[in-house]
Amino acid sequence: MKTFIEGSRAVADAVTVCRPKVISAYPITPQTHIVEELAKIVANGKVKAEFVNVESEFSAASVVLGSCATGARSYTATTAQGLFLMAEVLFNISGMRLPIVMTCANRAVSAPINIWNDQQDSLSMRDSGWIQLYAEDNQEALDMHLQAYKIGENKGVLLPVMVCMDGFILTHSYEPVELISQEDADRFLPSYQPEDYLNPDNPVTMGAMVGPEAYMETRYLMQEAMENSVKVIEDVANEFNNQFGRYYGGLIDTYKLEDAETVIVSLGSVLGTVKDAVDSLREKGEKVGVLKVRSFRPFPKDAICEALKGAKKVHVLEKAVSIGMGGIVSSEIKAAFCGKTGVPEIVGSIIGLGGRDITVETIIGILNGSGDSSYDQFIDIKKELVEDPEPSDEAVAANA
Amino acid sequence: MKLKPGAIADSHTSHGNLTGSWRTFKPVYKQKDCTGCKLCVINCPEGCVFEVEDRKYTCNLKYCKGCGICAVECHVNDIEMILEDK
Amino acid sequence: MIKDNLFDCGHTACLGCGEALAAKRVLQVAGKDVITTDATGCLEVFTTRYPETSWGVPFIHSLFENSAAVASGIEAALKALGKADEVKVLAQGGDGGTADIGLQALSGMFERGHDVLYVCYDNEAYMNTGVQRSGLTPFDTATATSPAGKYSWGNEHRKKDIPAIAAAHGIPYVATSSVAFPRDIENKVKKALSITGPKYIQIHVPCPLGWRSKPENTIKIAMLAVKTGLFPIYEIENGDLTGVRKVSEPVPVEEYLKLQGRFAHLFKKDGGKDEIKKIQELADRNIKKFRLN
């Protein structure tokens, strides 16, 4: 039975059935509805957990670091500035191999301050050692949280997982979704049983100083764990499908891709709009398709190259930019193809920054090449905001 | 030995680091006028001073760095720091 | 292997390290059923040189500024796991990690009422990075970033009053102590651990390297800091001053200052006498404020 519910509340419900022991968060738009709902759930005793109201995101991340290290399943959520304030702790959490799950309600990064959606925040945390999964809709977002704990806590992985969902577009939208019962969740997700944790009966030291003699190996093992997670993410998606009958892809998913000559690649909620655009072009007989990147870390190099090998042109819709380089995801896809033959033309299209609407028409324009491409990779740039005005006739005459 | 995830270290493992090699001056516990006040034990930053028998103390030279706190704090001058001949 | 030792030999603290001595003492009193955190700093570096550790209790070091927040998380986890009655939480940090970069997390831990004892080992500068001034460096101290010079008497600022800031949070127990008084540390740690809620103890610990003093004088110097009135020893319970260590015949501050290279400029430069007078006034003010004599 489906429930018509806001995305944030659906996620809070999913987190609840994961039976977290400690939840800690600091309010920031558009993450607030998730943690407000969790606070309410804890207050009403629906889950036996400690909800720690902290004085900053830095402490939110530090609290869940401490609680997870003590053997308690832990959860936090944030976005944008909050994610950046957490940055130092994020690297610490992954380095300590603590499988915390965090929701990132994707939002633009300041300055200028902007609370609306893009994906600059999480994509900028690319190298933090967190697994990053991107949800397309609210059902996937809520299901992804159960999968996230199962992936992160896998003994061959032991890495934190960031569930990325577009701020406002998903967090604040109402959709009918299947919520997950406690019984079903318990069947899918076993309790958290770490081998080593802070425990006086078997004392260990965590966070020791590691010098040049072993530091590199800690990083190698994290890379190995990320590589291990490639299979685990696929397996967990399949297990979820077997139990719940819902599947969104593992590392990637495809839509009308089989014979597609032109393909759009993207992450997150924009894929719904992209599929509408593809449907309308397909009706006109154009061979267009979609590749959804569900896991950005680990980056599914092999799966992406395999999926795109038949395409002639690939447009990567990017809700973030590496200033001085360009699109982040398109750069990575190009790198994945490096050294291979039959490489499609790969173009990054930076779009939707700071909450700018992305329409079906814009995407069709990108797909059929009719869109404006006069501003490097940036799509739909407003000329009057970036160019000096044409001088008036009087001014020209005066200068003559 | 393979690193544990997160480079977790097992406890009671620093004994292998014999800090006595740092020493220039070494304490000599004369065990003559000792009153058994234990200030040498209590004030040793290494925790390497121990009781041999009643009013007789000595230190484990494997770890003693030779800081000399015990000699300064001994009320009856029963500990002497001497230049170590290695 | 000595299994009953909670703070093992083989750590790499400098000769005569006051912090090592105080931490050992605190741990002996706290016992084995405790989970400890520590901010980045000397203590963490000299006790946890991977793959070795000197800690016989569960220990976690995360970052410089979050010892109190990590401890908050541990305490929350113990509560959620139903272990809060059996296991205590001991958070630790140096003066920089406590009073400067970690002050926000510490305030949060106090305000939220976590059942954690926070111990600050106060050696009055950033020793681990090479003796730079911190918010707890005393007035007129020469450090690497507050050097004495032709136009400088060293650190221009007074020591930040963290115990007063802690007490202002309305927490049940705040105390100062000194490595020179092991029984005092013992009593205070015991008392603190018997109280539910956030507790704060600041322990004065000489650093021979940073204070440019002789390693063998660590206890002597710590003792003089108390006997001059420069480092008053007191307890604040539920906001009230409930105990002080009396200094019946205060020692002039020169006796304390002259044993330390960080104050050597006060005895060499013209005008030094006036500066020492200012330091004496600070000691006298403490004696009056806390009614030490």
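Quick notes on this one:
Every residue, every condition in (1) of a type in the set (D, E, K, R); (2) closer than 24 Å to A:E37 by Cα, yes or no:
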position: A:A80; (1), (2): no, yes
position: A:N117; (1), (2): no, yes
position: A:D127; (1), (2): yes, no
position: A:D137; (1), (2): yes, yes
position: A:D143; (1), (2): yes, yes
position: A:G156; (1), (2): no, no
position: A:H172; (1), (2): no, yes
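- Subset of region C:35-54 that is touching a Leu at 6+ places or on another chain (Cβ under 8 Å) and over 15 Å from A:Y197 (Cβ atoms) - its residue that is surrounded by the fewest Cβ atoms within 10 Å (Cβ to Cβ): C:T40
- Members of region C:182-202 found to be among the aliphatic types (A, V, I, L, M) and either in contact (Cβ under 8 Å) with a residue 60 or more places away in the chain or assigned to a helix (DSSP H, G or I) (or both), listed by number: C:I185, C:V189, C:A192, C:L193, C:I201
- Per the conditions (1) loosely packed, with under 13 Cβ neighbours inside 10 Å; (2) among the β-branched types (V, I, T); (3) under 21 Å from the mean Cα position of the chain (by Cα), the sole criterion not satisfied by A:I351 is (1).
- There is at least one residue in region B:56-79 that is more than 7 Å from chain C (Cβ to nearest Cβ), on the phi < 0 side of the Ramachandran plot, crowded, with 19+ Cβ neighbours inside 10 Å and of a type in the set (D, E).
- Residues that are of a type in the set (V, I, T) and within 21 Å of A:G250 (Cα to Cα) within region A:280-313 comprise A:V290, A:V293, A:I304, listed in sequence order.
- Scanning region C:14-24 for residues being crowded, with 24+ Cβ neighbours inside 10 Å and more than 7 Å from chain B (Cβ to nearest Cβ) gives a total of 4.
- Residue in region C:203-213 that is within 14 Å of another protein chain (Cβ to nearest Cβ), under 17 Å from C:G94 (Cα atoms) and part of a strand (DSSP E or B) present: yes
- Every residue from region A:207-261 that is under 25 Å from A:I304 (Cα atoms), within 14 Å of chain C (Cβ to nearest Cβ) and touching a strand residue (DSSP E or B) at 6+ places or on another chain (Cβ under 6 Å): none
- Some residue of region C:81-104 being assigned to a loop (DSSP other than H, G, I, E, B), free of Cβ contacts under 8 Å to residues at least 24 places away in the same chain, among the aliphatic types (A, V, I, L, M) and within 13 Å of chain A (Cβ to nearest Cβ): yes
- Residue match in region A:207-228 (condition: farther than 30 Å from C:E44 by Cα, surrounded by 14 or more Cβ atoms within 10 Å (Cβ to Cβ) and either touching a residue at least 60 places away in the same chain (Cβ under 8 Å) or not assigned by TED's automatic domain parsing to the domain that holds A:I346 (or both)): yes
- Selection of region C:2-13 for residues being surrounded by 20 or more Cβ atoms within 10 Å (Cβ to Cβ) and more than 8 Å from every other protein chain (Cβ to nearest Cβ) yields only C:L6.
- Screening the candidates A:L133, A:L123 for the property of being away from every other protein chain (no Cβ under 11 Å), crowded, with 18+ Cβ neighbours inside 10 Å and in a strand (DSSP E or B) yields one hit, A:L133.
- Members of region C:114-162 found to be aromatic (F, W, Y) and either within 16 Å of the chain's Cα centre (by Cα) or closer than 20 Å to C:E254 by Cβ (or both), listed by number: C:Y118, C:Y121, C:Y126, C:F139, C:W153
- Residue within region C:215-235 that is in a strand (DSSP E or B) and at negative phi present: yes
- Tallying residues that are surrounded by fewer than 24 Cβ atoms within 10 Å (Cβ to Cβ) and not hydrophobic (A, V, I, L, M, F, W, C) within region A:60-90 yields 3.
- Search result, residues across region C:107-124 that are in contact with a Gly (Cβ under 7 Å, 6 or more places away or on another chain) and on the phi < 0 side of the Ramachandran plot: C:D115, C:C120, C:Y121, C:N123
- Identity of the residue in region B:18-45, crowded, with 18+ Cβ neighbours inside 10 Å and either facing chain C (nearest Cβ under 7 Å) or among the β-branched types (V, I, T) (or both), that ends up nearest to C:M223 (Cα to Cα): B:N43
- Scanning region A:66-84 for residues that are away from chain C (no Cβ under 11 Å) and aliphatic (A, V, I, L, M) yields A:A77, A:A80, A:L83.
- Restricting attention to region A:158-206, the residues that are among the β-branched types (V, I, T) and within 14 Å of chain C (Cβ to nearest Cβ) add up to 2.
- Residue check for C:L27: in contact with a strand residue (DSSP E or B) (Cβ under 8 Å, 6 or more places away or on another chain), part of a helix (DSSP H, G or I) and crowded, with 24+ Cβ neighbours inside 10 Å: yes
- Candidates are the residues of region B:46-55 that are within 22 Å of B:T13 (Cβ to Cβ) and either in contact (Cβ under 8 Å) with a residue 40 or more places away in the chain or out of contact with any strand residue (DSSP E or B) (no Cβ under 6 Å at 6 or more places or on another chain) (or both); the one that is surrounded by the most Cβ atoms within 10 Å (Cβ to Cβ) is B:E46.
- Residue in region B:36-55 that is of a type in the set (S, T, N, Q) and out of contact with any Asp or Glu (no Cβ under 8 Å at 6 or more places or on another chain) present: no
- Test: residue in region A:373-385 that is basic (K, R) and modelled with pLDDT under 95: yes
- Every residue from region C:1-46 that is free of Cβ contacts under 8 Å to residues at least 40 places away in the same chain and closer than 28 Å to C:Q260 by Cα: C:T12, C:A13, C:A20, C:K24, C:E44, C:F46
- Filter result for C:A166 (crowded, with 24+ Cβ neighbours inside 10 Å and either part of a helix (DSSP H, G or I) or among the polar types (S, T, N, Q) (or both)): yes
The values are calculated or read from the model by the stated rules, or taken from the named source; none is laboratory data. Worth saying up front: this structure is predicted, and the values here are computed from it rather than measured. Cβ sites come from the backbone with ideal geometry, for glycine too, and all protein chains shown count toward neighbours.
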